[in-house]
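Structure first, commentary second.
Derivation of every value follows stated rules applied to the coordinates shown; laboratory data play no part. Please read all numbers here as calculations on a predicted model, not as lab measurements. Ideal geometry is used to build each Cβ from the backbone, glycine not excepted, and the neighbour counts take in all protein chains shown.
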Amino acid sequence: MEDRPDLREQDHVLIIEDDERLANLTRDYLEANGFRVTVEGDGARGVQRILDIQPDLVILDLMLPGEDGLSICRRVRNDYLGPILMLTARTDDLDQVLGLEMGADDYVPKPVQPRVLLARMRALLRRRDSSDSNSSDESRLMFSDLEIDNATREAWLKGSRIDLTSAEFDLLWLLASHAGRVLTREEIFSQLRGIRYDGQDRSIDVRVSRIRPKIGDDPHHPHRIKTVRSKGYLFVKDN
């Protein structure tokens, strides 16, 4: 059994996975590590189960009968604010990029390594708990027409609320709270995903490309979030 840091009283995890053996093994492992777990094997019921239960975290398989994980993720994202961790059967970047574009917060490739899964889950839940503990006085940033509030996990552009996924907000806040300093991909991966950057993962690049137009940045000639070649990203301060 692993130790149990950073968990509130029995975080509730919903596993949507049609492989019964894998789902049961994962459930047993997570329960042994202090989680309360519900399993759903039918993708057709996935959306309703997420919205009804409102779990602390969802583990969502990509390939499901009834409705696939990408569709489920897209449909619940506006009404479910918790983290979604996608299980991808293939190592192809396409699955991972599509999952992130649909609003997934992270992904773990199959075959699932329990310790890796647990580490990714804890990283997602730590980010949730960190934002819950912030007071509004300490966690509001303003840049010209852009306002970002880490206490409410919301952002506004010219007074209009920006539609951001949980993962997009986390990245935007990380970059904005370090405005004026280049953050390397290694630093970003360590902060947001609790893992080392392998030099190939495109998840951060995908999120940046989705954030830019939402905050009024020109995707082709960005002025707010700049790519620093061979290093990472720079959130530009106001003059």
**Study point:** Estimated D of segment 140-235 in µm² per second, where Rh is the Kirkwood radius over Cα pairs and Stokes-Einstein applies at 25 °C, 0.890 mPa s
**Key:** 181
Study note, to complete from the structure: segment 140-235: relative contact order from alpha carbon pairs under 8 Å, six or more residues apart, as a whole percent, is 26
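Extension gain Asp198-Gln10, at 0.36 nm per residue separation less the Cα-Cα distance, in nm?
Details: separation 188, 0.36 × 188 = 67.68 nm, distance 3.23 nm.
Stretched fully, the Asp198-Gln10 segment lengthens by 64.4 nm.
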Review point. Taking the chain as a Gaussian network, Cα atoms linked when under 10 Å apart, which of Ser160, Ser177, Ser71 shows the biggest mean-square fluctuation?
Key: Ser160
Review point. How many percent of DSSP beta bridges within the chain run antiparallel, rounded to 5?
Key: 50
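Mind ordering 195-207, 11-23, 55-67 by average Cβ neighbours within 10 Å, highest first? Kindly include the intermediate steps, with their values, before the conclusion.
Details: 195-207: 14.7, 11-23: 18.5, 55-67: 21.1.
Result, highest mean first: 55-67, 11-23, 195-207.
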Check your understanding: With each pseudo-label sitting 7 Å past Cα toward Cβ, what's the Gln48-Ser160 distance in nm, one decimal?
Key -> 3.5
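With charges set only on the Cβ (+1 for Lys and Arg, -1 for Asp and Glu), what does the dipole of the chain come to about its Cα centre, in debye to the nearest 20? Each step should come with its number before you reach the end.
Values: 36 positive and 44 negative charges, 167 e Å.
So the magnitude is around 800 debye.
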**Study point:** Theoretical FRET efficiency, 1/(1+(r/R0)^6), r = Cβ-Cβ of Ala151 and Val39, R0 35 Å, to 0.05
**Key:** 0.55
Study note, to complete from the structure: Interchain or sequence-distant (5+) residues whose placed amide H lies within less than 5 Å of the amide H of Leu62 are Leu87, Ala89
Review point. Rounded to the nearest 500, what is the chain's calculated 222 nm mean residue ellipticity when only DSSP H runs of at least 4 contribute -39500 (n - 2.57) each, over all residues?
Key: -11500 deg cm²/dmol
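Work out, step by step, the length gained on full extension between Asp238 and Ser209: first 0.36 nm times the residue separation, then minus their alpha carbon distance; give nm to one decimal. Walk me through the intermediate numbers first.
Numbers: separation 29, 0.36 × 29 = 10.44 nm, distance 2.08 nm.
Stretched out fully, the Asp238 to Ser209 stretch lengthens by 8.4 nm.
Summing Lys, Arg as +1 and Asp, Glu as -1, what charge do residues with Cβ under 11 Å from the Cβ of Glu168 carry, Glu168 excluded?
Details: positive: Arg77, Arg153, Arg207, Arg210, Arg212, Lys214; negative: Glu101, Asp105, Asp163, Asp170.
Net charge around Glu168: +2.
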Check your understanding: What nm value, rounded to one decimal, do you get for the distance between Thr184 and Leu22 when each label is placed 7 Å out toward the C-beta?
Key -> 3.4
Study note, to complete from the structure: Note on the chain: contact order normalised by length, alpha-carbon pairs under 8 Å, 6 or more apart, percent, works out to 14
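Quick one: net charge around Val182, please, counting Lys, Arg +1 and Asp, Glu -1 for every other residue with C-beta under 12 Å from its C-beta.
Working: positive: Arg181, Arg185, Lys226, Arg229, Lys231; negative: Glu186, Glu187.
The answer is +3.
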Practice item. State the percent of C-alpha pairs, over all pairs in the chain, separated by a distance greater than 26 angstrom. Key: 38
